[in-house]
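Nothing in this text is a laboratory measurement; each read-out follows from the coordinates by a stated rule. Just so it is clear, the model here is predicted, and its values are computed rather than measured. So basically every Cβ, Gly included, is an ideal-geometry build from the backbone, and we count neighbours across all protein chains shown.
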Amino acid sequence: MEFPASRDDDGQRVQGLDEAQIHNIGLVVTPTEIFLKHGRQRNTSIGSFGVFNAVALPDGSAEVYLAVTSDKEDEYTLHVGDTFRVSDQIWKLDRVEGLGSRDWTVVLTRVD
């Protein structure tokens, strides 16, 4: 059975289960996709993610200022397709939804 993707209040996509159901069955979820809204921090099993800003450059591409705290603290300036390490995982800036609006969302995807 396949479940439609939904978003909880913090923007994380959960397949078929809401956050309360996941908590109640005792799962620890390591995400493969993280959605970061402006002004919000995402805490996961591998670390904390936060975006300072996402801007449209003159050529129309996106530039994202990301902070990650896991076993150490890192700050990144990323463009779509750029990769970065979080603990033993590789992540990439997949896309920015709504770039240029006040309600943008940065999407990070695990690549390994």
Requiring at least 3 residues that are of a type in the set (A, V, I, L, M, F, W, C), the strands (runs of 3 or more DSSP E) wholly within region 42-98 are 48-56, 62-69, 89-97
Reported set for region 67-102 where residues are within 13 Å of residue 37 (Cα to Cα), out of contact with any strand residue (DSSP E or B) (no Cβ under 8 Å at 6 or more places or on another chain) and not basic (Lys, Arg) is 101
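Just need a number here: residues in region 44-66 that are touching a strand residue (DSSP E or B) at 6+ places or on another chain (Cβ under 8 Å) and either touching a residue at least 60 places away in the same chain (Cβ under 8 Å) or exposed (fewer than 15 other Cβ atoms within 10 Å of the Cβ) (or both).
Step one: of region 44-66, the residues touching a strand residue (DSSP E or B) at 6+ places or on another chain (Cβ under 8 Å) are 44, 46-57, 61-66.
Subset that is either touching a residue at least 60 places away in the same chain (Cβ under 8 Å) or exposed (fewer than 15 other Cβ atoms within 10 Å of the Cβ) (or both): 48, 52-53, 55-57, 61.
So the count comes out to 7.
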